[in-house]
Ligand SMILES: O=C(O)CCC(=O)C(=O)O
Ligand SMILES: [Fe+2]
């Protein structure tokens with residue numbers, strides 16, 4: 001087990017959201033502590049070079065010449081059902097999506113590749129827990145979202161992306177306003193990154209963003225952006241709310257997670273509130289209905305992915321686990337193969353208490369939820385008191 005730890009107790013949400021260039025750093029020369037303070041907690045991107053995540057077993061998926069060995073992948077995955085996007089057909093702000101077997105995707109891979117197909121958002125770790133095929137880099141191990149979902153046996157935000165040359169992901173920012181990380185196992189990608197809020201310069205008269213962008217347009221509209229080539233074994237940290245667009249310059253196999261933790265939880269909370277207000281406005285003409293609030297929560301879940309109940313449940317679950325960590329004193333695995341140091345555990349608890357206090361003050365939180373929240377805040381405070 002590997003411990004992740006921070007040297008001093010950071011303040012939560014030290015968002016800087018800006019940089020002059022995207023820093024590239026060798027993994028060997030970047031500690032978790034440095035990554036935490038200088039990039040993750042400031043919400044600034046970085047490329048971490050030479051991050052090897054494959055296991056002995058899946059190294060066979062990559063040839064000696066560093067290209068994808070589709071036949072080796074096929075041996076392990078042939079009958080898996082996989083999500084595939086047709087990059088020649090738009091569907092709202094994404095591409096048309098359908099399912100096929102991995103077998104069928106291999107047929108496309110070996111064919112003339114008419115109509116670009118991008119296999120992505122494939123929950124392989126969840127679908128095949130028996131298959132130990134990559135290790136999460138230590139930088140991305142403080143992951144409340146996937147830690148919670150795995151503990152609860154729910155579907156997660158851990159994905160495999162397998163794309164042929166020229167497949168792409170259009171302009172977007174990530175679900176909930178989460179962070180994401182992406183490691184290229186094989187191949188090259190070209191990323192366009194927009195600094196937060198710069199996307200507003202691209203909106204049309206109906207407030208709609210373009211589906212995808214080219215550099216000419218970005219220059220013309222004076223948008224502050226970066227272009228980045230992701231090489232094999234480069235790991236990209238995508239901060240919260242930085243819009244990006246990604247093109248596969250070659251055939252590419254990459255792994256990607258979406259996640260949040262004490263560094264961006266306030267951003268997620270603010271997005272949840274904003275989406276709630278939007279939903280309420282949308283159905284304002286039904287506000288006399290007896291179960292109006294329930295309706296809002298159902299709609300919030302379907303539009304945003306989580307509602308208040310889910311969000312509170314995540315915070316309470318992680319909070320309880322962190323209190324146990326401090327009480328037990330012995331190292332325990334929290335996520336993937338990682339345990340958490342004491343400063344980090346306290347940082348997590350402070351962040352959880354801060355957000356829960358905010359949420360407990362909302363009028364729409366019912367008494368049962370409020371009691372649960374107060375109980376955990378009390379435990380966190382008692383814990384802080386006992387350890388000072
Ligand atoms: O690799 C891609 O096509 C998209 C990756 C992405 O959007 C992400 O990692 O957040
Ligand atoms: Fe993304």
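Just name the residue that is farthest from ligand 2 (Cβ to nearest atom) out of those in the stretch 216-254 that are crowded, with 24+ Cβ neighbours inside 10 Å and more than 30 Å from residue 11 (Cα to Cα).
Here the residue is 253.
Given the condition free of Cβ contacts under 8 Å to residues at least 24 places away in the same chain, surrounded by fewer than 20 Cβ atoms within 10 Å (Cβ to Cβ) and either over 26 Å from residue 349 (Cα atoms) or within 16 Å of ligand 1 (Cβ to nearest atom) (or both), answer yes or no: does some residue in the stretch 302-316 qualify?
yes
Test of understanding: among 186, 142, 88, which residue is loosely packed, with under 15 Cβ neighbours inside 10 Å and either more than 16 Å from the chain's Cα centre (by Cα) or away from ligand 2 (no atom under 16 Å from the Cβ) (or both)?
Checking each option against the conditions leaves just 88.
Taking the criterion of being outside any loop (DSSP other than H, G, I, E, B) and under 30 Å from residue 283 (Cβ atoms), would at least one residue in the stretch 335-345 satisfy it?
No - not one qualifying residue is present in the stretch 335-345.
Go through the stretch 118-131 and give me each residue that's in a helix (DSSP H, G or I) and either surrounded by fewer than 21 Cβ atoms within 10 Å (Cβ to Cβ) or modelled with pLDDT of 95 or more (or both).
Passing the criteria: 124, 126, 127.
Within the stretch 132-148, is there a residue that is assigned by TED's automatic domain parsing to the domain that holds residue 71, more than 30 Å from residue 28 (Cβ to Cβ), out of contact with any strand residue (DSSP E or B) (no Cβ under 8 Å at 6 or more places or on another chain) and modelled with pLDDT under 95?
No.
Just to be sure I understand, how many residues within the stretch 4-38 are surrounded by 15 or more Cβ atoms within 10 Å (Cβ to Cβ), touching a residue at least 12 places away in the same chain (Cβ under 8 Å) and within 16 Å of residue 344 (Cα to Cα)?
Number satisfying all stated conditions: 11.
Among the listed residues 346, 350, 264, identify the single one that is touching a residue at least 40 places away in the same chain (Cβ under 8 Å) and within 16 Å of ligand 2 (Cβ to nearest atom).
264
Anything in the stretch 189-202 that is crowded, with 20+ Cβ neighbours inside 10 Å and more than 9 Å from ligand 1 (Cβ to nearest atom)? List them, or say none.
Selection gives 192, 193, 194, 199.
Where in the stretch 195-258 are there strands (runs of 3 or more DSSP E), lying wholly inside it, with at least 2 residues that are in contact with a helix residue (DSSP H, G or I) (Cβ under 8 Å, 6 or more places away or on another chain)?
225-230, 235-238
Of the residues that make up the stretch 220-234, is at least one in contact with a strand residue (DSSP E or B) (Cβ under 9 Å, 6 or more places away or on another chain) and within 27 Å of residue 155 (Cα to Cα)?
So far as the stretch 220-234 goes, yes, one or more of its residues are in contact with a strand residue (DSSP E or B) (Cβ under 9 Å, 6 or more places away or on another chain) and within 27 Å of residue 155 (Cα to Cα).
Please work out which one of (1) touching a helix residue (DSSP H, G or I) at 6+ places or on another chain (Cβ under 6 Å); (2) within 10 Å of ligand 1 (Cβ to nearest atom); (3) assigned to a loop (DSSP other than H, G, I, E, B) is the condition residue 181 fails and give its number.
Residue 181 satisfies every listed condition except (3).
Just the residues that are touching a helix residue (DSSP H, G or I) at 6+ places or on another chain (Cβ under 9 Å), outside any helix (DSSP H, G or I) and without any contact (Cβ under 8 Å) to a residue 12 or more places away in the chain, please, taken from the stretch 269-300.
The answer is 287, 289.
The values are calculated or read from the model by the stated rules, or taken from the named source; none is laboratory data. Predicted, not measured: the structure shown is a model, and the values here were computed from it. Reconstructed Cβ throughout: ideal geometry from the backbone, glycine too, with neighbour counts over all protein chains shown.
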